[in-house]
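Engineer: Encoded as structure tokens, here's the structure I'll be asking about.
Derivation of every value follows stated rules applied to the coordinates shown; laboratory data play no part. Values in this document were obtained by computation on a predicted structure and should not be read as measured data. Positions of Cβ are generated from backbone atoms using ideal geometry, with glycine treated the same way; all protein chains shown enter the neighbour counts.
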Amino acid sequence: MEQYIEFFTNHIGLGLIWLGLVVMIIMSWVKSKFSPVKQVNPQQLTFSVNRENAVVLDIRSQADFNKGHIANSIHLVSEKAKQKEFTTIEKHKNDPIIVVCVTGMTASGVADNLFKAGFTQVSILSGGIGAWQSAGLPMTSGK
């Protein structure tokens, strides 16, 4: 314990950075536990689509979507999603919706906006399309 105290007194800047990172990690964990938007893995996404008729909402660029996407996913340009323009998926308001982006980072903001817009069951694919591909699951190309 004395070594920690000595480190912090000798390196106040590094100590504050370390403390800030720890606080941010804890806040992120607490936020994810109490958030109405849940994260799902690729297997849970497959289960939701097959058993619960979940809708996959892909918010990647049009070019990336055309190169390959999860079968039957709906494309919504992320700019429209960020501006809360959800008219193309309005009919799915009560269906489970899983938002997919490249890495899973952009999807959380869009998912929060969907929930605030009245969509009742919103999730994000943890790790994004990269996690889907890493799991060796199929993708389809074209529109």
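Engineer: Within a 10 angstrom radius of the beta carbon, how do TRP29, TRP132 rank from fewest other beta carbons to most?
Structural biologist: In increasing order of surrounding Cβ atoms, one gets TRP29, TRP132.
Engineer: Which order do GLU85, GLU79, GLU2 fall in if you start with the one that has the fewest other Cβ atoms within 10 Å?
Structural biologist: Result, fewest neighbours first: GLU2, GLU79, GLU85.
Engineer: Just order 94-101, 57-64, 41-48 by mean Cβ neighbour count inside 10 Å, highest at the front, would you?
Structural biologist: Put in order of decreasing packing, that is 94-101, 57-64, 41-48.
Engineer: Additional query: With just the Cα atoms defining each centre, how far is region 36-79 from region 84-143? Give it in Å.
Structural biologist: Taking the Cα centre of each part, region 36-79 and region 84-143 sit 5 Å apart.
Engineer: Quick check on the chain: of the DSSP beta bridges with both residues there, what percent are antiparallel, nearest 5%? If you can, show how the numbers build up before the last one.
Structural biologist: Numbers: 1 of 14 bridges.
Of the beta bridges lying entirely in the chain, close to 5 percent run antiparallel.
Engineer: Using r as the Cβ-Cβ distance of GLU85 and SER35, and R0 as 25 Å, what FRET efficiency do you calculate, to the nearest 0.05?
Structural biologist: Here the calculated transfer efficiency is 0.65.
Engineer: Choose one answer from ASN113, ASN66, ASN50: the residue with the largest mean-square fluctuation in a GNM of the chain with alpha-carbon springs under 10 Å.
Structural biologist: Comparing ASN113, ASN66, ASN50 in the GNM, the peak value goes to ASN50.
Engineer: Once you charge only the Cβ atoms, +1 for Lys and Arg and -1 for Asp and Glu, what is the size of the charge dipole of the chain about its Cα centre, to the nearest 20 debye? Provide the component values of the computation, followed by the final result.
Structural biologist: Details: 13 positive and 10 negative charges, 97 e Å.
Charge dipole of the chain: 460 debye, to the nearest 20.
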